[in-house]
Amino acid sequence: MLRLYTNRTPDDWESFVYNQWTWWGFTFLLGILLSYLSSHVDWLRAGLENLGDRLVAFLYIYLPLTVVSIIVVFIRIVF
């Protein structure tokens, strides 16, 4: 979303396409760094596990909403 927000006008699309490798490379390196840190820093690992335990409740809300949304979109397309 940040990437699309910074390139909102059609004039910016050339730079958007040209800089794709930079964004993907940065995202990949950031993912590697965060996975390394989360496996070696105990307080970060504990915090992420705690956050995951708390957010699992949203899974039970969003999965049925997703199914209902897909059904509504399918009905709107067909009829």
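Could you go through segment 50-60 and let me know if any residue there is touching a helix residue (DSSP H, G or I) at 6+ places or on another chain (Cβ under 8 Å) and among the basic types (Lys, Arg). So far as segment 50-60 goes, no, none of its residues is touching a helix residue (DSSP H, G or I) at 6+ places or on another chain (Cβ under 8 Å) and among the basic types (Lys, Arg).
Is it the case that some residue within segment 43-58 is more than 19 Å from the chain's Cα centre (by Cα), part of a helix (DSSP H, G or I), small (Gly, Ala, Ser) and at pLDDT below 90? No, there is no match, as no residue in segment 43-58 is more than 19 Å from the chain's Cα centre (by Cα), part of a helix (DSSP H, G or I), small (Gly, Ala, Ser) and at pLDDT below 90. Annotation note: Cβ proximity below 8 Å between a residue of segment 25-39 that is in a helix (DSSP H, G or I) and a residue that is among the charged types (D, E, K, R) and surrounded by 11 or more Cβ atoms within 10 Å (Cβ to Cβ) (sequence gap 6+ or interchain) occurs for 38/45; 39/45. Taken over segment 69-79, residues that are assigned to a helix (DSSP H, G or I) and either surrounded by 10 or more Cβ atoms within 10 Å (Cβ to Cβ) or of a type in the set (Phe, Trp, Tyr) (or both) amount to 6.
The values are calculated or read from the model by the stated rules, or taken from the named source; none is laboratory data. As the structure is a computational prediction, the values presented were derived from the model and not from experiment. Neighbour counts are summed over all protein chains in view; Cβ atoms, including those assigned to glycine, are modelled from backbone coordinates with ideal geometry.
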